[in-house]
Every structure is written in C-alpha cells, then in structure tokens.
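Worksheet: one structure, shown below.
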Amino acid sequence: MNFPIRVPLTALLLAAAPAAQAHIVFAEPQAPPGSYYAGFLRVSHGCDGAATTAIRVSIPAAAESVKPQPKPGWTLSVEREPLPAPIKGEGGAEIRDRVVAVTWTGRLPADQFDQFGIMMKLSAEASGPLYFPTVQQCGANSIGWTGTPAAGEAWHSLKTPAPVLNVGAAPPAPHMQH
C-alpha cells in the first residue's frame, strides 16, 4: 500500500532556494540603541566553489566604538578616520577616531562556514536598520554583499544584500506563568 508523502511547502521552498540566497548575516540581528553589541557575521559559502580569502566589512557611523575579534590563522587589519569631536568610550576613555572598516585575511574552504566577530558601542540615537556593506574575496573573484533596499523594498529580495543590524527597543521579556 502506498501512502502519499506530504512535505510542508516551506521545506520545498527552502530546498529550491538558489545558493545565492546564502547571504552574509549577523547571527543575532537585533540590538537596542546605546548598547554594547557583540555581533558575529556568518559566512556560509565561498564564491562559486572557491575558498574565501578575505572579508572586508564597512562600519556605519552609528557604531561609535568598534573592536574586531581576532581569528587564529587570519590576519586582521583595521581602517580608521578621525572623529569631528572626541567621544567617551568604554571605561570613560576618550575616543578620537572611529573604525570605518575591518578586514580579515586568511582561508575558509568553500564547503565550510565561519563567523567573524565585532564588538561595538551603538549610538544612543541609532534606530532602524544599520547596513554593514561587506566584500567577500575568493582569490581573484569577489562578491559584494553591499545592497541596501530602497523604500518599500524587502532586504531579502536583493541579490547581494549588505548584512543588516536592526537597532530598536529591546523586545519585551517573556512573562512566566505560575
């Protein structure tokens, strides 16, 4: 006796999604304004089967203080620019410049994934989506994950969207029932 196999529609849609849909994303894409946020960018594939050899992340101005996480086996470089006026950082230290980009150089095989960490202090005035244009280098080829949606356009509808951090009020804590 044959029984029909029923597969949820969402499972079929996910299975049919092209490889290009595997975007570079933040593992935790939400943060409150004015908070310290440790974000991890997930890189889930190479470029057309080639290993990833560098990841360069541009940092928006609403990230006031940025500290990248070093990775064993990878070289880390940080690009900075002067701030118009100093701001107070962690522990009250004065910050006179800001990080505008972070680059990790190394090797991540195309059939593996990894995460690249950034600790940042978000501006208290930050609100809404913050985009982190990212270039994934794979030898001589690259993918520019730099797209930002136009008004009314969905982030996931873009072919190569920039990683996004949604900055807003923290969601309410779940209520425990007794």
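The values are calculated or read from the model by the stated rules, or taken from the named source; none is laboratory data. Keep in mind the model is a prediction, meaning the values are calculated, not measured. All Cβ positions, glycine included, derive from the backbone under ideal geometry; neighbour counts span all protein chains shown.
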One residue from ARG96, ARG56 being of a type in the set (Lys, Arg), over 19 Å from VAL167 (Cβ atoms) and within 19 Å of the chain's Cα centre (by Cα):
ARG56
Does at least one position in the range 92-107 carry a residue that is out of contact with any Lys or Arg (no Cβ under 8 Å at 6 or more places or on another chain) and modelled with pLDDT of 95 or more?
yes
Tell me which residues, restricted to the range 92-133, are under 18 Å from HIS23 (Cα atoms), of a type in the set (D, E, K, R) and either surrounded by 12 or more Cβ atoms within 10 Å (Cβ to Cβ) or touching a strand residue (DSSP E or B) at 6+ places or on another chain (Cβ under 6 Å) (or both).
ASP114
Residues that are of a type in the set (Val, Ile, Thr), part of a strand (DSSP E or B) and either at pLDDT below 95 or surrounded by 13 or more Cβ atoms within 10 Å (Cβ to Cβ) (or both), drawn from the range 32-91
VAL43, THR52, THR53, ILE55, VAL57, VAL66, VAL78, ILE87
